[in-house]
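Notes for the one structure printed next.
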Amino acid sequence: MSGRVVLVLLLSLYLTVASVQSQGSSQDAFIIQYLERRLSQMEERMNQCEQKTVSVTQKTYDLSSEIRGYLSTLSVLRSEVQSQVDGVSVRVDQVERELEYLENKIPTQTNIEMEETLLEQQIKAAEVDQLKQKAKIKVVKDCSIALSQIKSLKIVKKAGDTYGSWFKDPSEGSAKVYMLSGIRNNTLLEYVSLHSFTESTTTTPVKVVQLPFHWQGTGQVVYNGFLYYHKADTPNQILKVDLLNGTVVDSTLLPGAGRLPVYNLNPNTYLDLAVDELGLWVIHADPEYGGNLVITKLDKGSLAVEYTWDTQCRSHDAEGAFLICGTLYVVYNTRYGGRSTIQCLYDIHDTIHSDENPVIFFPKRYTSHSSIHYHPGDKQLYAWDDGYQTIYKVETRRNDQLTAE
């Protein structure tokens, strides 16, 4: 714009000088016309330049906005990749631990050229070791009892959500009661006793434990002061949390689990943990076996898998299950609610069979359970029944069919 002003000033000066002089000559008129034409051309070019400048500025702004969008997307992708890397790191650590465990169990034999007969002997020895490992679970304790009936029903209280779980720590000498309300949360309530749990205005304060990660479903258990649960947003990761300080002390990924809800009528639970006279268990459904239930014995200390059994009990129309002395009892109902029944069982000792036992009925209460936990010391079932915390007394009988090995 400054060039335009200069030209205007020059033109004015020229016209002033020309006015002082005579009317001017034809040559002067020609020069004035020439200057006016040049000035018009320059103004037109200046306008075009301004239009191009505005266009370039707009394009630069649009490009900057697009780049900012890309940077935001890149930041989100970076977070997702970091989360996946962290998950892979946890899995790698677990695999390394399991490999170390297997290396300790199975000595490596390097630099040995094994003949075919020797290899066959080792395969047979490995099969024998596997059978011994399975039998070891049987002989740890005298577990020659079976469920005969569910005797009575007691509604303790009504608290929390429609879905949830509550139970006692089955370890010897513990009277503590635990409550986890909902299918996804990170808050656990701890009561010093059942009496404290049932009191509406207890003098003993309730301990609130904030867990480091959310749980999923209603398949949690407390054993020897540790909480075992399915970590939310993972298909099959089990955490072991110390309730004294609320920290994770161990975790494991259960192979093959987490692809189906363990019970068809309880679709939010993918891993159901249980405790009986023999220790810690996990119940899950496997699509490779037609959706039937699978039970896995875990080492409560290291969470290592001790053995896995495929059962013939279906997950369809199941609402829960529990174990007594290594026997799985599966509870069935209808999607509309009704009287719960035990219609299928699986005994790891292969001494009790479903077709040899009648259907066992729960006391009449026409609703559906979201969780059922057996307490081996009390010989009771702690169930969550549509928001009601319920206790069932069970009666067992000696199973004379068990044979000592």
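The values are calculated or read from the model by the stated rules, or taken from the named source; none is laboratory data. Just so you know, these numbers come straight off a predicted model, no measurement behind them. When we count neighbours, we look across all protein chains shown, and the Cβ atoms used for this are built from the backbone with ideal geometry, even at glycine.
Before moving on, here are some points about what is shown:
- Checking each residue in the range 288-328 for being among the small types (Gly, Ala, Ser) and assigned to a loop (DSSP other than H, G, I, E, B) picks out Gly290, Gly291, Gly301, Ser302, Ala304, Ser315, Gly326.
- The range 307-355 - residue that is of a type outside the set (Val, Ile, Thr) and touching an Asp or Glu at 6+ places or on another chain (Cβ under 6 Å) and, of those, nearest to His375 (Cα to Cα): Leu323
- Within the range 266-273, at least one residue is under 13 Å from Leu303 (Cα atoms) and surrounded by 18 or more Cβ atoms within 10 Å (Cβ to Cβ).
- Take the conditions (1) of a type outside the set (Ser, Thr, Tyr); (2) buried (at least 21 other Cβ atoms within 10 Å of the Cβ); (3) out of contact with any Pro (no Cβ under 8 Å at 6 or more places or on another chain); His349 misses just one of them, which is (2).
- Cβ-Cβ distances below 9 Å connect the following pairs, each with a first residue in the range 209-234 that is assigned by TED's automatic domain parsing to the domain that holds Gly258 and at pLDDT 95 or above, a second residue that is aromatic (Phe, Trp, Tyr) and outside any strand (DSSP E or B), and a separation of six or more residues or different chains: Gln216/Tyr270; Gly217/Tyr163; Gly217/Tyr270; Thr218/Tyr163; Gly219/Tyr270; His230/Tyr270.
- Among the residues of this structure, Gln84 counts as one that is at pLDDT 60 or above, in a helix (DSSP H, G or I), polar (S, T, N, Q) and not assigned by TED's automatic domain parsing to the domain that holds Asp299.
- Any chance Asp233 is more than 17 Å from the chain's Cα centre (by Cα) and of a type outside the set (Gly, Ala, Ser): no
Per-residue answers, yes or no, for (1) at pLDDT below 95; (2) not polar (S, T, N, Q):
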{"site": "Pro261", "(1), (2)": "no, yes"}
{"site": "Asn266", "(1), (2)": "yes, no"}
{"site": "Val282", "(1), (2)": "no, yes"}
{"site": "Gly290", "(1), (2)": "yes, yes"}
{"site": "Ile295", "(1), (2)": "no, yes"}
{"site": "Gly301", "(1), (2)": "yes, yes"}
{"site": "Trp309", "(1), (2)": "no, yes"}
{"site": "Leu323", "(1), (2)": "no, yes"}
{"site": "Gly326", "(1), (2)": "yes, yes"}
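- Among the residues of the range 277-308, the one identified as crowded, with 19+ Cβ neighbours inside 10 Å and touching a Pro at 6+ places or on another chain (Cβ under 8 Å) is Ala285.
- Residues in the range 138-197 that are at pLDDT 90 or above and of a type in the set (Lys, Arg): Lys154, Lys157, Lys158, Lys168, Lys176, Arg184.
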